[in-house]
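First the structure, in the form of structure tokens, and then the observations on it.
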Amino acid sequence: MSVAGILFRPWYWLAGKLMGTWVRPDVQPEDLSYLRNVEDAEICYVLETGGLTDLLALEGVCKKHDLPPPASPLVSGRHRERRRLVILRPMHGLFFRHPSRKSSKRLRRLVGANLDKSCGKVLLVPVSIYWGRSPDKERSIWKLLFAENWDVAGRTRKFFTTLIHGRNTLLRFSDPLLINTALEDEADAAKGLRKVSRILRVHFRQRRVATVGPDLSNHRVIVNAVLKDPSVLQAIKAEAGDDRAVYERTINKARKYALEIAAHVSYPTVRVIARLLGWLWNRLYSGIELNHLHRLHDVAKTNEVVYVPCHRSHFDYLLLSYILYVQGLGLPYVAAGINLNMPVIGPILKRGGAFFLRRSFKGNRLYATVFSAYLSSLLQRGYSVEYFIEGGRSRTGRLLDPKAGMLAMTVQSYLQYPKRPLVFMPVYFGYEKLIEGDSFINELGGAAKTKETLLGFFRSLRALRGDYGKVYVNVGEPIYLESMFDAKNPAWRDEVGVLSDKPQWLNEVIDDLGENIMHNINAAAAVTPISLLASVLLATPKQNMGTLELERQLVLMLSLLERCRYSDSVTLPDWEPAAIVAHGEKLGVIKRLPHRLGDVMQMSEHDAVLMTYFRNNVLHLLAVPASIACCFINGRCLSHAELQRLVALIYPFMKAELCLKWSENEVTVVVDEAIKALLDLGLLTCSEDGKSYARPAAGSGLSFQLRLLGQTMVPMMQRFYLAISLVALHGSGTLSQVRLEGLCQASAERLSMLYGLHSPDFFDKVLFQKFTRRLRSLGVLKRNDEGLLEFDNDLMGIGEDARLVLGDELVHSILSLAVAEAESDS
């Protein structure tokens, strides 16, 4: 015996004693005498994947039933083996276990010895061991989580499985296979080994299906299908060339990519996660309010569904999957960032349906091809899919621009293999408080994005002590892909399965699809009590108001939202103003300051910065009436034509920032409807000839309410005028677009520090990027051959109009800041 064997033997004996006191497997069949009465043949046990716990469990049963132990030597004829045990799929890896692609060495030797007649009769006895054989009957979460399934267990999982299911284990001896008989017609050792291995593999698979149930995850099937996809094979060939060794390495790389990406759905795990999530939602939230769910049920009957929600929080995909599971709809496969594939958490998410993608595919054609083939494979098999076309979570509460990558893969896949009609389901999430709120503000302020780690996850559990109000989940209007195909190319069905390159009409469909999804998400917005409070209090100079004035403004906002209904899918709270205020106090976003002349409701600066997120969630709903009110902040009388012109001037920038649904041609009608609503509520007065409008008398309650409404759009107007002033002061042909955006961000940050709420939301660089892109698309700014921005007198005219809206004091402050910035930059 080797030195290692001598050292290992006492530990093996001790482990066997400990296992014997805890593990009490049920043995089938109960009578094993047929194995004791075998004549002229040696017994060799066969385990599917092996492992110390399986070996010790088998050792204990053999000792109890007076059978030769698996650790004893096997001697047959002139052939000798150190153990009478074959592991059909040997496992490799110290910490991360995976099955070897090579066959069992002992089985290879036994086959060879049989063919060269150096071995006598050997009986291969398959032994199946199932830890936790009835997961569907278990009520314990831990027993469900560690129950037997089709997965290959690592050392940690095997330890907990043994610990939890030691008394609920099935050990089954199957009919023995006489290796001599199996090899009667074989002369080649390699073919004989493949034959015996195949017989044993089929046996173990059939036995597992009978005991555990079918492999529902389809993980292996899909991964193998991805690796056989023609596009993947072509990408492998392109990367490897004619070098056979490189080709093999590239295949292994593609397999590694596929396994990194692929979900590995486990239904026992899904049931455990569903139970845990039910507890979590009850712990964090006072309720989940669902609206327009009938759309999901109607669409899912006859269509393949791609869920495309907005992305506010890491809870989004958990929440939507939980809702679909509870509603009895198919669980979607969810695209998640690779940053979430951390130890412990990543495997659990994969078993719940998450598949992972890297943040960028750039420069890695093979990875991009494997990912596209995997997504296509899911859709072809009829699975519903969920992904976030914004790419990442919104840090400001506004919708982000849609990313075309996942949409393009989905659309192209459908055009190659259309089965059932494909429908995109937009979903709106409305939170009243966010666990990630503080980190969002820090990131907007310039801090590095916090990396997701296991330690960070456990730290975040402290948030379970908080009260996060309600969550509102609204399902938007579905978008039917075939209808969009018909609109762009009525003959698209003739091109099914034959497209080699992406035609221009398909690019247009993808762009329109992304825009329509974002519009339908916005159109399904949920106005929450917190978003109402944020909209009102953030319009005040110090984020405080008398309780009576606050309640009056809340009534006005609700009335205006009802009259200027953005869409039929928008939901409004059916709450009294006093209840909304009390709810804000309960969640700690506002505080009551008692006073003998009337209580004052106050929002701290920290909470005010956080509340900009929830104001921005619904800012688009009243953008048009608020922009009209903004024109009257300085008390001017405006003609109908002038009012329409001013709103039309700023509307393209409002549309880009807030993802508004109306085209520039449609907004005229919307403005007329908003003017009528403001007149009906007494916030505007009309001249006798009906051609001009004015605000109510200065100092009146209605004038104050109109001013508060208009203030919600002032931050956008400030950014608007600041950018134009900086361009004008530096002069035409002196600034690049990147330099202009940097100057705008720095100036806006200083402006917020000096004159308003110091909120990173105000100087978010993305807003200035959208603004400058829009100026260029309108032709107001042009880029010359040197990459510098040029402009003409049209820009100056826009600036003058912005001055009329903002008023002299604010314009002077912005100009002073812009002049100082220009001088320091020169």
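The values are calculated or read from the model by the stated rules, or taken from the named source; none is laboratory data. Keep in mind the model is a prediction, meaning the values are calculated, not measured. So basically every Cβ, Gly included, is an ideal-geometry build from the backbone, and we count neighbours across all protein chains shown. Accessible surface is based on the protein model in full, side chains and every heavy atom, while ligands, DNA and RNA are left aside. Shrake-Rupley method; radii C 1.70, N 1.55, O 1.52, S 1.80 Å.
Structure notes:
- Residue match in the stretch 708-727 (condition: among the aromatic types (Phe, Trp, Tyr), in a helix (DSSP H, G or I), in contact (Cβ under 8 Å) with a residue 40 or more places away in the chain and open to solvent by 20 Å² or more (accessible area, probe 1.4 Å)): no
- Residues satisfying the stated conditions in the stretch 616-647, i.e. among the aliphatic types (A, V, I, L, M), within 22 Å of PHE762 (Cβ to Cβ) and outside any helix (DSSP H, G or I): ILE633
- Residue that is of a type in the set (Gly, Ala, Ser) and part of a helix (DSSP H, G or I), where the choices are ALA336, ALA263, ALA254: ALA254
- Residue check for ALA648: surrounded by fewer than 16 Cβ atoms within 10 Å (Cβ to Cβ) and closer than 30 Å to ALA697 by Cα: yes
- Residues within the stretch 593-615 that are within 16 Å of THR712 (Cα to Cα) and of a type in the set (D, E, K, R), tallied: 1
- Yes/no for ALA641 being surrounded by fewer than 24 Cβ atoms within 10 Å (Cβ to Cβ) and free of Cβ contacts under 8 Å to residues at least 60 places away in the same chain: yes
- Any hit, the stretch 373-388, residues being part of a loop (DSSP other than H, G, I, E, B) and among the small types (Gly, Ala, Ser): yes
- Residue that is farthest from ALA373 (Cα to Cα), among those in the stretch 230-253 that are open to solvent by less than 30 Å² (accessible area, probe 1.4 Å) and in contact (Cβ under 8 Å) with a residue 24 or more places away in the chain: THR250
- Residue check, VAL305 assigned to a strand (DSSP E or B) and either under 18 Å from PHE424 (Cβ atoms) or under 11 Å from the mean Cα position of the chain (by Cα) (or both): yes
- Checking ARG359 against (1) assigned to a loop (DSSP other than H, G, I, E, B); (2) surrounded by 22 or more Cβ atoms within 10 Å (Cβ to Cβ); (3) basic (Lys, Arg), the condition it does not meet: (2)
- Within the stretch 747-763, considering residues that are open to solvent by 20 Å² or more (accessible area, probe 1.4 Å) and out of contact with any helix residue (DSSP H, G or I) (no Cβ under 7 Å at 6 or more places or on another chain), the one nearest to ARG774 (Cα to Cα): GLU749
- Candidates GLY405, GLY430, GLY397, GLY456, filtered to the one that is open to solvent by less than 60 Å² (accessible area, probe 1.4 Å), modelled with pLDDT of 85 or more and assigned to a helix (DSSP H, G or I): GLY405
- Listed conditions (1) of a type outside the set (Val, Ile, Thr); (2) under 30 Å from PRO541 (Cβ atoms); (3) touching a His at 6+ places or on another chain (Cβ under 8 Å) are all met by LYS661, apart from (2).
- Within the stretch 731-746, residues that are farther than 16 Å from ARG776 by Cβ and free of Cβ contacts under 8 Å to residues at least 24 places away in the same chain reach partners that are assigned to a loop (DSSP other than H, G, I, E, B) and open to solvent by less than 20 Å² (accessible area, probe 1.4 Å) with beta carbons closer than 6 Å, at six or more positions or on different chains, in the pairs GLN745/PHE763.
- Test for THR49: is it within 24 Å of GLN206 (Cα to Cα), at pLDDT 75 or above, of a type outside the set (Lys, Arg) and assigned to a loop (DSSP other than H, G, I, E, B): yes
- Filtered residues of the stretch 23-63 (kept if open to solvent by 40 Å² or more (accessible area, probe 1.4 Å) and without any contact (Cβ under 8 Å) to a residue 24 or more places away in the chain): GLU30, ASP31, TYR34, ASN37, GLU39, LYS63
- Test: residue in the stretch 87-97 that is modelled with pLDDT of 80 or more, under 30 Å from ILE251 (Cβ atoms) and open to solvent by 30 Å² or more (accessible area, probe 1.4 Å): yes
- Residues in the stretch 271-310 that are modelled with pLDDT of 90 or more, touching a helix residue (DSSP H, G or I) at 6+ places or on another chain (Cβ under 9 Å) and surrounded by 17 or more Cβ atoms within 10 Å (Cβ to Cβ): VAL305, VAL306, TYR307, VAL308, PRO309, CYS310.
- Within the stretch 311-322, being at pLDDT below 90 and either of a type in the set (A, V, I, L, M) or over 16 Å from the mean Cα position of the chain (by Cα) (or both) holds for one residue alone: LEU318.
- The residues on offer are LYS661, LYS676, and the sole one that is open to solvent by 40 Å² or more (accessible area, probe 1.4 Å) and under 22 Å from SER703 (Cβ atoms) is LYS676.
- The single condition among (1) open to solvent by 70 Å² or more (accessible area, probe 1.4 Å); (2) modelled with pLDDT of 85 or more; (3) among the acidic types (Asp, Glu) that GLU81 does not meet is (1).
- The helices (runs of 4 or more DSSP H) falling completely within the stretch 493-611 that include 1 or more residues that are open to solvent by 30 Å² or more (accessible area, probe 1.4 Å) and either of a type in the set (Asp, Glu) or within 23 Å of GLY710 (Cα to Cα) (or both) map to 504-522, 547-563, 577-587.
- Scanning the stretch 681-707 for residues being open to solvent by less than 60 Å² (accessible area, probe 1.4 Å), of a type in the set (A, V, I, L, M, F, W, C) and in a loop (DSSP other than H, G, I, E, B) gives a total of 3.
- Residue within the stretch 286-295 that is of a type in the set (Lys, Arg) and either in contact with a Pro (Cβ under 9 Å, 6 or more places away or on another chain) or assigned to a loop (DSSP other than H, G, I, E, B) (or both) present: yes
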